[in-house]
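Step one of this worksheet: look at the structure below.
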Amino acid sequence: MYKIPISVLVVIYTNDLQVLLLERADHPGYWQSITGSQDPGETLYQTAVREVFEETGLNALTYELQNWQITNQYKIYEEWRWRYAPGVTVNTEHVFGLCLPEVLPIKIATREHLSYQWLPWQQAREKVFSDSNERAIFGLSKMVG
């Protein structure tokens, strides 16, 4: 079954703007926030909750999960296009934020990620490989800071 070209990006952060980043298992050195494609029948909010749990072990419903009402469209990296139906080259990403009261331990999905780290937003912004992830982290600094 092909992935739906609609996804979420969830920036997990603390009140003092520490940002959680995960290192991709399929591309060591690529750091990112939580991402994932929508499953059939899911709302975007449900996708965000599911992806946060799958990738971190955190229950997003316990904290403040907000749809930031930001939508990005981007070309799907060539190396990942096989996951989508033939001819699909563009993904639509919806940005969410999840505010935690403090830095919490994370249980990563080892098939998806090698490691994680909490960084001040400025360092997190510089470390992510995706332009839309970088913009979301920068936007977080303006929304909260």
Next on the checklist: Quick check: at a probe of 1.4 Å, how many percent of the accessible area of the chain sits on carbon and sulfur atoms?
Outcome noted: 52
Checklist entry - Using 0.36 nm per residue, how much length does the chain from Arg24 to Glu102 gain when fully extended, once their Cα-Cα distance is taken away? => result 25.7 nm
Item to check | Neighbour cut-off at most 14 other Cβ (10 Å), DSSP loop, chymotrypsin sites (Phe, Trp or Tyr not before Pro), the range 1-47 | outcome: Tyr2
Item to check | Coil-residue trypsin sites (Lys or Arg not before Pro) of the range 36-139, DSSP, other Cβ within 10 Å capped at 16 | outcome: Lys107, Arg111
Checklist entry - Where does the chain land on Rg(C-alpha)/(2.2 N^0.38 Å)? => result 0.98
Checklist entry - Roughly how big is the range 81-145's charge dipole about its Cα centre, with Cβ charges of +1 (Lys, Arg) and -1 (Asp, Glu), in debye to the nearest 20? => result 160
Item to check | the range 19-144, dipole about Cα centre (Lys/Arg Cβ +1, Asp/Glu Cβ -1), debye to the nearest 20 | outcome: 140
Item to check | Angle in degrees between helix 131-144 and the longest Cα principal axis of the chain, rounded to the nearest 10 | outcome: 30
Next on the checklist: If I take every Cα pair under 8 Å that is 6 or more residues apart in the chain, average their sequence separation and divide by the length, what percent do I get for the relative contact order?
Outcome noted: 35
Checklist entry - Restricting the count to DSSP beta bridges whose residues both fall in the chain, what percent are antiparallel, rounded to a multiple of 5? => result 70
Checklist entry - Can you list the aspartates and glutamates whose alpha carbon sits under 20 Å from that of Lys75, skipping same-chain ones fewer than 8 residues off? => result Asp26, Asp39, Glu93, Asp131, Glu134
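What accessible area per residue, rounded to a whole number of Å², is obtained for the range 20-145 using a probe radius of 1.4 Å?
On the way: 6710 Å² over 126 residues.
That works out to 53 Å² for each residue.
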Checklist entry - Is any residue of the range 71-100 close enough, with backbone N under 20 Å, to a label point placed 7 angstrom from the Cα of Lys142 along the Cα-Cβ axis, and if so, which? => result 71-74, 93-99
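The values are calculated or read from the model by the stated rules, or taken from the named source; none is laboratory data. A quick note: this is a predicted structure, and the numbers were derived from the prediction, not measured. Don't worry about glycine lacking a Cβ; one is built from the backbone with ideal geometry, like all the others, and counts go over all protein chains shown. Remember, those area values only see protein heavy atoms, side chains included, never the ligands or the DNA or RNA. Shrake-Rupley method; radii C 1.70, N 1.55, O 1.52, S 1.80 Å.
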